[in-house]
1. Please work out which residue is surrounded by the most Cβ atoms within 10 Å (Cβ to Cβ), limiting yourself to region 210-238 and to residues that are at pLDDT below 80 and in contact with a helix residue (DSSP H, G or I) (Cβ under 8 Å, 6 or more places away or on another chain).
2. For Ala432, which of the numbered conditions (1) surrounded by 21 or more Cβ atoms within 10 Å (Cβ to Cβ); (2) among the hydrophobic types (A, V, I, L, M, F, W, C); (3) at pLDDT below 85 fails to hold?
3. So if I check each of Phe241, Phe250, which one is surrounded by 18 or more Cβ atoms within 10 Å (Cβ to Cβ), within 32 Å of the chain's Cα centre (by Cα) and not assigned by TED's automatic domain parsing to the domain that holds Val128?
4. Among the residues of region 419-432, is any in a loop (DSSP other than H, G, I, E, B), aromatic (Phe, Trp, Tyr), within 30 Å of Asp647 (Cα to Cα) and in contact with a Lys or Arg (Cβ under 9 Å, 6 or more places away or on another chain)?
5. Would you confirm, using the coordinates I've provided, whether Lys336 is crowded, with 18+ Cβ neighbours inside 10 Å, farther than 17 Å from Asp287 by Cβ and modelled with pLDDT under 90?
6. Considering every residue within region 627-640, establish whether at least one is within 26 Å of Asp430 (Cα to Cα) and either at pLDDT 90 or above or touching a His at 6+ places or on another chain (Cβ under 9 Å) (or both).
7. Looking only at region 625-652, how many residues end up being within 16 Å of Val672 (Cα to Cα) and surrounded by 15 or more Cβ atoms within 10 Å (Cβ to Cβ)?
8. Within region 172-182, identify whether any single residue is modelled with pLDDT under 75 and either within 46 Å of the chain's Cα centre (by Cα) or not hydrophobic (A, V, I, L, M, F, W, C) (or both), and answer yes or no.
Amino acid sequence: MICPSLPRLKPLIFFLLFVYLAIVLVQVVLAVTDDVQINLQVTSPAGGGVTPPPPPAEVNGCLDPAATNYNPQATKDDGSCQYPATVPNVSDFSAVYQAASRRAALTWLNPDFPELAAVRVVRQIGSVPVAPTDGLLVYDGAGEAAFDAAVLLGQSYFYAAFVRDTTGRYSSGAVTALAVPAEPPSEEPPPGEEPPPEEEPPPGGETPGGQEPVSDPFQSFPQVIDQDPLVQSLELGDFIFFQPGERQKFFRGGETVSVVGGKDLSVLINYNRLPEALKTIGLTIVDPDDRRRSSSFILRLNKDKTAYLANLGALLKSGTYPIYISIINFKNQTIKRLSGTLLVNGGAGQTPLARASRVAVETIQPVVTVIGLGAGLSQALALTSQINSLTDLYLFLVHFWSLLLRVLRLKKRYRPWGVVYDAVTKRPLDPAYVVVRRGEEDAGTAITDLDGRYGFFLPPATYTLVANKTHYRFPSLKLQGKNGDELYEQLYFGQPFTTASGEVINRNIPLDPMAFDWNEFAKQQQGFFILHSRRERRRFLIYNTVFSLGAGLALYRLLFAPNWLSLVVAGFYLAVFLLKYVWRARRPVAAVRRAATGLPVPFAIIRAFVPGVDQQVKSVVADMFGRFFLLTPPGEYYLTVEEKLPDETYKKIYQSPPLKLAKGVLTKDLNV
């Protein structure tokens, strides 16, 4: 294995250094914008003596011991608390008594949770099950419906559904209640006739002929006055609502909390805010459109015994949700009942179609976003540079960084002194890597710009140059021994040269393409262009469709699930959009085509002359599809077109009338 020399690693080292400096800059900006303030003040009493200690500095941070980023040194809560992920509960949990079969029909909707292993349903008579092992087991599986045939007339049952993940953890529990009527139905089928078959209960508990589910299963408990000071002081503001990527929310200054629809919502209360004898905390959320429909949950004590918490799932429907919180003691008596409202913004409607579309979007969004970004970036790079390998991509990024520094005036713009170009097509090569050596040591490196230009500041000495690009050979063998060609003079083939003080280095470096045969291309031009135009249309349609879809999903994610990652992805899409359209709009591409057939003239040389004096001011070379970019000082010019012949010589085939280029840019195609 041959190890690269240290000088060859300089570009990589510089690039990594730039990345490191960018990270440091971001950290400095974040530190500057932080709200932490430290005030130091030293005072001396008038009469001497011991100087009193300065007042304690205010430290912002998370004050909640249940949070993963709890800061015991913090003196002011800054809303940055983060909480451990919890197992989500089922939704739309309901129980309906079917009189014909004298059984309870239980239905629910499983959460969109990849680690879901099973749902365990238990029941108790007269009290709420608070754990997966508390009460009689009714169901344990991954379905969304179950039946309880062991129900008795006149009894009140409480059912709790606990989601179990693949590691054995359980959710806090969703609760529903069922009051079985005391009297049997008055109408019974005649003897000898079978009762009509009963349908499977649909999701949501809307069984025809069944009873409506109880709005709040905790409202049936008797309410008593508890003299415990913790209970007396308990308020809605003690309950914390949090969502991924959002600040924690409290009931502050009223009885309404605003949350984001479509994102998991959890609720928490610190353990030290509740009495030791507490058994159950129940929370019920009522549907904003149908007050007979509700979802009830249990807040369970976490493993560290620092908080009671529950995952309420995502509220998909926008609106105002009434919320009831019941504090229940060990005697199944309500010792405190609080009520408020949740204002949900950005919901999508909790219909099966909306739920399925949300699941589909969340599933395919990461894949389509990455593919769309790659499609847009590759299309943009194809228009702006000659990217043929990972090395070329790296050189392009380095060149882009250098361009950014020049735009910010952090780096001096050097005069371009030489050009690296294709020896066959005469087109400048971007990006190409040029190394200047003094003896055996590297004295400097440069990366060509979009016009193939490079430059060096060199003290007087003897040097050699080496140019590198993927799929090209240095030095050129096709032009070996020549001092110039149709466009360039002072060609360079690797020979040593000596610079004098103040000397301008203007050596042009031709490189031979390793895989391009001009003669074969000239023979197949017409067929190649027809085939390419078809492929170009298909590619343009596919790339733009994928890019637009990815951009739309990235915007959807930014609006309905905002976080740092979605913001960064949207920023990348914006950057690619600017590179594809805005930047290209400032560099309009014209084309030279044959007037009779409309086919392009590949690798034609376009020259701009000043009328009257016939002074050439600019020359460019079209690509294989006849495209070129001509930028000159604003003024009046006439243009000539030289066609490349199969024997690799050139022939003048067109001269335009004088054209006025007000902005110095040619925007119209040349038809020859």
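1. Val214
2. (3)
3. Of Phe241, Phe250, the one residue that is surrounded by 18 or more Cβ atoms within 10 Å (Cβ to Cβ), within 32 Å of the chain's Cα centre (by Cα) and not assigned by TED's automatic domain parsing to the domain that holds Val128 is Phe241.
4. no
5. yes
6. Checking region 627-640: at least one residue is within 26 Å of Asp430 (Cα to Cα) and either at pLDDT 90 or above or touching a His at 6+ places or on another chain (Cβ under 9 Å) (or both).
7. The total comes to 12.
8. no
The values are calculated or read from the model by the stated rules, or taken from the named source; none is laboratory data. Because the structure is a prediction, the values reported are computed rather than measured. Note that each Cβ is placed from the backbone with ideal geometry, even for glycine, and that neighbours are counted across all protein chains shown.
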